[in-house]
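K.L.:
Pasting a structure below so you can have a look.
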Amino acid sequence: MDGGLSRIISHGVLILLVITLSVLLGACAGLGATSESDPQPPIQLLPQTPEQVVSQFLDAWGKHDYGTMYALLSPESQSLYPNSVFTTTYENDDAVIGTQGVTIRLRDSEQQGLTTIISYDATIDSSFYGQIDDPGRIMRLTQAPTGWRVAWSRMDIFDGLAPTVVLEEVKVRQPRGNIYDRNGQLLVESGGTVVTVSIQRSSFPDDAACQDTLTRVFRVSYSDLSDLFDFYGSGFLFPLGDLDPDVYAVNEQEMIDNCAIQSFTRETRRYVGHGALAHVTGAIAQIQGPELEFWRSKGYASDDLIGNNGIERQYEEVLAGEPERVLRMREPGGSIVRELARVSGTPPQDITLTIDRDLQLTVAQALSDAFNYASPNWAEEGRSLGGGVVVLDVHTGAVLAMASYPTYDPGIFNPDTSIYLVGEYILNLQTDPRRPFFNRTIQEQYSPGSTFKIVTATTALAENVVQPDDVFYCDLTWDGSQYGDTLDVRYDWRSFEQGERRHPTGDVTPELALASSCNPFFYQMGALLFRQRGPTTLMDYARRMGLGAATGLDLDTPPEATGQIPPIRAVDEAISSAIGQGNVQVTILQMARMVAGVANGGALYRPYVVQQVGDASATAPRIASEMDISEDALAVVRSAMCDVTTDTTYGTAWFVFGDPSSNVPSTPYIPCAKTGTAQSGRPEPHGWFVAYAPEDDPQIAIVAMIENSREGSETAAPIVRRVLDYYFQVPPELVAAYPGWWTDPYNPLPIPEGSTGG
């Protein structure tokens, strides 16, 4: 022990005797008391040597025990620094340091009258910087009636940390990682150039032509555009949104001629298509209040931007990387007093998706164009609220396109957005009944209607309830009383047709029953499966074919819905379920995976959107399960699906893929499909179209679902054709226009209880 410590201990013995007497008299009850204006519960402290006080004080700091620390201050220090000021000082500085513990090594002590100076080396454990070594520190203590106490100042946190000096963390972040498509094309780009387009309605040279142009180029609806005019006023120049430079270049002259637009370029985090892939990529945004503590614990500051949904959120740490951090003290004038610690960051990484950018843009445009073109009819405001399309690789499960309509531009959440009054703008989107932030392809579940007949036909064939060459007479009505059906009569969908189309289908095999979507055949299959094979059989096959459970998609923000394949308790439930009604619910993605499984022979791949993260190995396709269904049964189903688009007598969508009488050009490829028209709880049914293509060598599965519209052949199928025409690079003269009747007034489609459309 050095001389200084010996002197302190000898003097300390006498002082300890005095203090011990005070303790016995109860004087210690007042230790730790604060000013009357800042009362705190008393903290019991035992008499200690100066070294013990220093050790206890710094140990309490490492535990964030600010009450004990304050009780160890001298009365003079407590009078200068009220408890609240002292505690706030440490809380703020510890938040910057990331203090997790403090260890010390005592070096020397020197007593000068009633003052003792302790020299020591400190090591601060930081959650951000690891160990911060701070040698050669000094702490002063004074003798108080209750023992040795710390004569505290802010420099007891770090030497040189005067009251006016700022303790700060400087983070140097590299630009956020980019997101690419499967072919290396940009989907999300840091520091990308966008063109902001501003409009003023009162300046439009041609109002109608301008609205046609803007709705097409920006993929917004006429009603959205009208709402913006109401929001900003017709005489106010406001930014409508951002465009990619190549899109702007193609459409610039038309927008100038029809709309007299103004524009400027700026750099930002660019989302290619500005909404075309929003439900997959997500966006970046400022940290919201409820999440601030969580992100601070990960080293983020309140003004940092984070991913708030989709890939941006799920791969936040990958895309953002770790910033280089510097802990330093800075004077008000900007001079650096000390640099205390520095931690190297990790570079952001890029992410490659399975998405095909050009296909995705085509799908998004096809949806937007359909809703705008059909706005006088099934897409009239207040009728259809939206829809979705999914395209999968049949042999891997890779998601080639995933679009939900309506959508939003992810750039609106970036503080550098060009949108005026963006808070109100976002609030309007959040309260929009069409739910533009909602990913319909995975978050919503719907009755599948006649598309579920794929499951029923497969089950009936696989279970030998019906043979491929059996013949069934498909009438306009069906009486199931002999099976215990509770409804007096059920209808075929052709009962609702007009004129010559309202006639019985006639004799059909199972293949033609599926191709023609004959309701009576499937009513009977539902009843027979229930009675002959048991109440669980149909739903067991539905699960084997991938319905009623999450697919395992690797995009889990937001999580996907599971669908609903309920137990069947009675024959009438079995009959309704056989045509995809009752309580059966599926997602668009589930239907796409099921169709892909039928096309590839029964393999259910786990769908995935992330192909590669940084330099890591590419994601390998993974089969989640096998349908385990005979090839003979699947072959009949595939043949029937091909009939849907080619058989002009029985097919329910042949006219979409080639109808000379309506000037619809025939396609050079053959898709195999199934239409569906499902009850929705409203007068307007959901329209489904599920398909794979081409017939002879299936490559992709595609599913479109349009909410509250009309028959799937009338609404969803033309959208699918538009996408397939692009995928197979059909010459422009063979690309089909959307049906002309979409611009006529809406004609409701009656579907009685217990039935479904074709």
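The values are calculated or read from the model by the stated rules, or taken from the named source; none is laboratory data. Nothing here was measured: the structure is a model prediction, and the numbers come from that model. Reconstructed Cβ throughout: ideal geometry from the backbone, glycine too, with neighbour counts over all protein chains shown.
K.L.:
Give all pairs with beta carbons closer than 8 Å in which a residue from region 73-87 that is in contact (Cβ under 8 Å) with a residue 24 or more places away in the chain meets a residue that is buried (at least 19 other Cβ atoms within 10 Å of the Cβ) and among the basic types (Lys, Arg); count only pairs at least 6 apart in sequence or on separate chains.
P.N.:
Sorted first by the residue in region 73-87, then by its partner, the pairs are LEU73/ARG149; SER74/ARG149; PRO75/ARG149; SER77/ARG149.
K.L.:
Determine if region 689-705 includes at least one residue that is touching a residue at least 40 places away in the same chain (Cβ under 8 Å), assigned to a loop (DSSP other than H, G, I, E, B) and more than 25 Å from HIS395 (Cα to Cα).
P.N.:
no
K.L.:
Being acidic (Asp, Glu), exposed (fewer than 15 other Cβ atoms within 10 Å of the Cβ) and within 29 Å of THR193 (Cβ to Cβ) is the filter here; which residues of region 267-306 pass it?
P.N.:
The answer is GLU267, ASP303.
K.L.:
Among (1) surrounded by fewer than 19 Cβ atoms within 10 Å (Cβ to Cβ); (2) without any contact (Cβ under 8 Å) to a residue 60 or more places away in the chain; (3) within 25 Å of TRP688 (Cβ to Cβ), which single condition is SER481 missing?
P.N.:
That leaves (3) as the condition not met.
K.L.:
So PHE655 fits all but one of (1) assigned to a loop (DSSP other than H, G, I, E, B); (2) touching a Ser or Thr at 6+ places or on another chain (Cβ under 9 Å); (3) not polar (S, T, N, Q); what number is the exception?
P.N.:
Tallying (1) assigned to a loop (DSSP other than H, G, I, E, B); (2) touching a Ser or Thr at 6+ places or on another chain (Cβ under 9 Å); (3) not polar (S, T, N, Q), PHE655 fails exactly one: (1).
K.L.:
Could you figure out which of (1) surrounded by fewer than 23 Cβ atoms within 10 Å (Cβ to Cβ); (2) within 30 Å of GLU626 (Cβ to Cβ) isn't true of TYR373?
P.N.:
The number of the failed condition is (2).
K.L.:
Only one of GLN443, GLN467 is assigned to a loop (DSSP other than H, G, I, E, B) and assigned by TED's automatic domain parsing to the domain that holds LEU538; which?
P.N.:
GLN467
K.L.:
A follow-up question, please. Out of all the residues in region 513-527, is one or more within 45 Å of the chain's Cα centre (by Cα), within 28 Å of GLY546 (Cα to Cα) and surrounded by fewer than 18 Cβ atoms within 10 Å (Cβ to Cβ)?
P.N.:
So far as region 513-527 goes, no, none of its residues is within 45 Å of the chain's Cα centre (by Cα), within 28 Å of GLY546 (Cα to Cα) and surrounded by fewer than 18 Cβ atoms within 10 Å (Cβ to Cβ).
K.L.:
Can you pull out the residues in region 288-315 that are free of Cβ contacts under 8 Å to residues at least 24 places away in the same chain, under 24 Å from GLU560 (Cα atoms) and either touching a strand residue (DSSP E or B) at 6+ places or on another chain (Cβ under 7 Å) or among the hydroxyl-bearing types (Ser, Thr, Tyr) (or both)?
P.N.:
Result: ILE306, single match.
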